[in-house]
1. Test of understanding: among I87, I27, which residue is surrounded by 10 or more Cβ atoms within 10 Å (Cβ to Cβ), at negative phi, at pLDDT 90 or above and not acidic (D, E)?
2. In segment 35-67, what count of residues is obtained for those that are part of a helix (DSSP H, G or I), touching a helix residue (DSSP H, G or I) at 6+ places or on another chain (Cβ under 9 Å) and among the β-branched types (V, I, T)?
3. Return the residue satisfying two criteria in turn: it lies in segment 43-84 and is at positive phi and without any contact (Cβ under 8 Å) to a residue 12 or more places away in the chain, and of such residues it is farthest from the chain's Cα centre (by Cα).
4. Got a number for residues in segment 75-121 being in a helix (DSSP H, G or I) and basic (K, R)?
Amino acid sequence: MSNHDHTAGHDAHEHGEGMDKKGIWKIFFILLALTALEFFIALALVHKGILAKGALVNTIYIVLTLVKAYYIVAYFMHLKFEKSGFIITCGIVFIFIIYFIILMLTEGHFLLSAFQTHEIFPNN
């Protein structure tokens, strides 16, 4: 009977082995700092004219967003503690999704330019 209780407790411990309260708060404060940095860039640097809007600011926002997405997916969705096969599978799916988004944007841009240069109903 006591062996059964010990096994059940041990299995429950293995299920949540990745994160404890200290780890959760650490990731929370990392995400909070990244969000504060984004607001600082937007309100203090871009809004006051210190940093011009453009490709540099967009690149900074994209990098910070990807870092935040990594922390959320890796720690709060427990992907960091999964087996490597599952991580590779999710990564490949993510790459295909990004690829299809780029394809749709490219096709949409082509169709927009095609409809603007040619009349849709030339006989009317």
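The values are calculated or read from the model by the stated rules, or taken from the named source; none is laboratory data. Note that the structure is a prediction, hence the values are computed from the model and not measured. Here the Cβ is made from the backbone with ideal geometry for all residues, glycine too, and neighbour counts use every protein chain on show.
1. Details: I87 fails: at pLDDT 90 or above.
Criteria check complete, one pass: I27.
2. Applying the first criterion (part of a helix (DSSP H, G or I)) to segment 35-67 yields 35-46, 55-67.
Among the residues that remain, those that are also touching a helix residue (DSSP H, G or I) at 6+ places or on another chain (Cβ under 9 Å) are: 35, 37-38, 41-42, 45-46, 57, 60-61, 64-65, 67.
Subset that is among the β-branched types (V, I, T): 35, 41, 46, 57, 60, 65, 67.
Count: 7.
3. Here is the first cut: in segment 43-84, the residues at positive phi are 49, 54, 78.
Subsequent filtering for residues that are without any contact (Cβ under 8 Å) to a residue 12 or more places away in the chain retains 49, 54.
Working: G49: 28, G54: 21 Å.
So the residue we want is G49.
4. Quick first cut of segment 75-121, residues in a helix (DSSP H, G or I) only: 75-76, 79-81, 84-117.
Then keep just the ones that are basic (K, R); that gives 80.
Of the residues in that region, 1 qualify.
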